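*Asks:* Take a look at this one; I'll ask things after.
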Amino acid sequence: MPEFPEVEALRRSLDDPVRASPIEKAGPAHVATLKTFDPPLSELEGKRLAGVERRGKRLLFPTDDGELVILLHQMTKGRVRYLQPGQDGPKAPAFRLRFQGGGQLVLTEAGAKKRAGIWLLTPEAAQAELEHLGPEADTLDEGSLGAILASEPRRLHSLLRDQRIVAGIGRAWSNEILHTAALSPYAPAQGLSPGQVHALWEAMQAELARGLELRERGANDKRTYRVHGKLGEPCHVCGTPIARVDFEEHTIYYCPQCQTGGRTLKDRRLSKLLC
Ligand SMILES: [Zn+2]
């Protein structure tokens with residue numbers, strides 16, 4: 001799933017093109033993708049977008065008259081692109097916005113399951129829709145992170161991915177951040193020392209910035225990630241093969257040398273034993 005670095009890089013790339021011309025035609029939208037029916041998409045036609053904003057992993061496209069906001073969540077497999085006039089697009093996108101002059105914003109989603117979503121909302125309704133989200137991961141200060149961690153008995157990997165706690169991080173960047181912080185994915189948040197809280201905060205800022213920079217340059221997953229999806233490859237810090245463990249519904253990648261003091265984490269789906 002696209003996380004802060006991917007969604008922010010996308011936002012920056014879309015910001016100019018979507019505000020260049022008024023909307024000519026909004027839709028069609030796949031019935032499972034469009035989550036709202038009132039106001040109708042046709043309300044967008046003739047309006048101009050004010051650019052693109054981001055909240056967590058969601059993109060927001062406010063109209064420049066301040067009346068409407070398109071909220072877009074790509075989920076795991078949804079992908080948004082801007083097509084220049086004359087550029088070939090998908091035949092049946094999950095959602096399309098055509099601008100005067102021929103540019104298009106298209107959302108596609110691979111696979112039969114449609115999970116990505118589009119909401120057309122008033123600014124007030126959009127705010128309510130986003131209310132549950134925690135502070136943005138990239139701008140969270142160390143003191144606020146410390147306060148969040150001190151109040152949470154949960155394990156770090158699961159905590160970092162919870163959008164209500166911190167918005168913008170998913171399983172891939174949890175893996176990258178915890179590796180850089182040299183912290184076990186299973187470490188309980190409440191048990192961190194001030195030095196570990198500092199390391200986690202520094203790693204969060206550094207990794208999200210590194211990811212954003214790479215994604216803005218168009219780097220693929222293989223070049224961007226150093227731990228996530230790298231089972232058996234040497235850790236870039238110590239050379240130990242990266243290990244993997246299934247935890248709840250997610251797979252975690254980690255370095256047993258840098259992060260868990262040489263211990264292998266047990267599969268939580270098979271065993272209640274803690275490492
Ligand atoms: Zn290592």
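The values are calculated or read from the model by the stated rules, or taken from the named source; none is laboratory data. These numbers come from a predicted model, not from an experiment. Because the Cβ atoms are built from the backbone with ideal geometry, glycine has one as well, and the counts that use them run over all protein chains shown.
*Asks:* Have a look at 118, 169 and point out the one that is of a type in the set (A, V, I, L, M), touching a helix residue (DSSP H, G or I) at 6+ places or on another chain (Cβ under 6 Å) and closer than 30 Å to residue 16 by Cβ.
*Replies:* Step by step, each of 118, 169 is checked, and only 169 is of a type in the set (A, V, I, L, M), touching a helix residue (DSSP H, G or I) at 6+ places or on another chain (Cβ under 6 Å) and closer than 30 Å to residue 16 by Cβ.
*Asks:* Applying the selection to the range 46-81, what residues are hydrophobic (A, V, I, L, M, F, W, C) and either within 14 Å of the chain's Cα centre (by Cα) or surrounded by 18 or more Cβ atoms within 10 Å (Cβ to Cβ) (or both)?
*Replies:* 49, 52, 59, 60, 61, 68, 69, 70, 71, 72, 75, 80
*Asks:* Could you check, for the range 3-19, whether at least one of its residues is in contact (Cβ under 8 Å) with a residue 12 or more places away in the chain, touching a strand residue (DSSP E or B) at 6+ places or on another chain (Cβ under 9 Å), outside any helix (DSSP H, G or I) and in the same structural domain as residue 114 (by TED's automatic domain parsing)?
*Replies:* no
*Asks:* Could you check the range 237-250 and list, in sequence order, the residues that are modelled with pLDDT of 95 or more and either more than 14 Å from the ligand (Cβ to nearest atom) or out of contact with any helix residue (DSSP H, G or I) (no Cβ under 9 Å at 6 or more places or on another chain) (or both)?
*Replies:* The answer is 238, 239, 240, 241, 243, 244.
*Asks:* For residue 184, only one of the following conditions fails: (1) assigned to a loop (DSSP other than H, G, I, E, B); (2) of a type in the set (Gly, Ala, Ser); (3) not assigned by TED's automatic domain parsing to the domain that holds residue 237. What is its number?
*Replies:* (3)
*Asks:* Which of the numbered conditions does residue 89 fail, given that it passes all the others? Conditions: (1) touching a Pro at 6+ places or on another chain (Cβ under 9 Å); (2) without any contact (Cβ under 8 Å) to a residue 60 or more places away in the chain; (3) in a loop (DSSP other than H, G, I, E, B).
*Replies:* (1)
*Asks:* Now for a separate question. Based on this model, can you work out whether residue 228 counts as within 17 Å of the chain's Cα centre (by Cα), in a loop (DSSP other than H, G, I, E, B) and within 16 Å of the ligand (Cβ to nearest atom)?
*Replies:* The answer is yes for residue 228.
*Asks:* Let me ask something additional. Residue 180 versus (1) closer than 20 Å to residue 249 by Cα; (2) hydroxyl-bearing (Ser, Thr, Tyr); (3) crowded, with 19+ Cβ neighbours inside 10 Å: which is the lone unmet condition?
*Replies:* With (1) closer than 20 Å to residue 249 by Cα; (2) hydroxyl-bearing (Ser, Thr, Tyr); (3) crowded, with 19+ Cβ neighbours inside 10 Å applied to residue 180, the lone miss is (1).
*Asks:* Would you confirm whether any residue within the range 70-85 is aliphatic (A, V, I, L, M), modelled with pLDDT of 95 or more and part of a helix (DSSP H, G or I)?
*Replies:* no
*Asks:* Here's something else I'd like to know. Do you know which residues across the range 172-186 are away from the ligand (no atom under 16 Å from the Cβ) and at pLDDT 95 or above?
*Replies:* Passing the criteria: 172, 173, 174.
*Asks:* Filter the range 114-133 down to the residues that are surrounded by 11 or more Cβ atoms within 10 Å (Cβ to Cβ) and not in a helix (DSSP H, G or I) and list them by number.
*Replies:* Hits for the range 114-133 are 114, 115, 116, 117, 118, 119, 120, 121, 122, 133.
*Asks:* Give me the pairs: first residue in the range 159-172 and among the acidic types (Asp, Glu), second residue surrounded by fewer than 22 Cβ atoms within 10 Å (Cβ to Cβ), beta-carbon distance under 8 Å, and six or more apart or on different chains, which are they?
*Replies:* Within 8 Å, the pairs are 162/134; 162/154.
*Asks:* While we're on this one: Looking only at the range 195-215, count every residue that is surrounded by 15 or more Cβ atoms within 10 Å (Cβ to Cβ) and either within 16 Å of the ligand (Cβ to nearest atom) or under 12 Å from residue 6 (Cα atoms) (or both) and tell me the total.
*Replies:* Residues that pass the stated criteria total 9.
*Asks:* Still on this structure, please answer the following. Return only the number of the condition from (1) modelled with pLDDT of 95 or more; (2) among the small types (Gly, Ala, Ser); (3) under 19 Å from the mean Cα position of the chain (by Cα); (4) surrounded by 13 or more Cβ atoms within 10 Å (Cβ to Cβ) that residue 218 does not satisfy.
*Replies:* (4)
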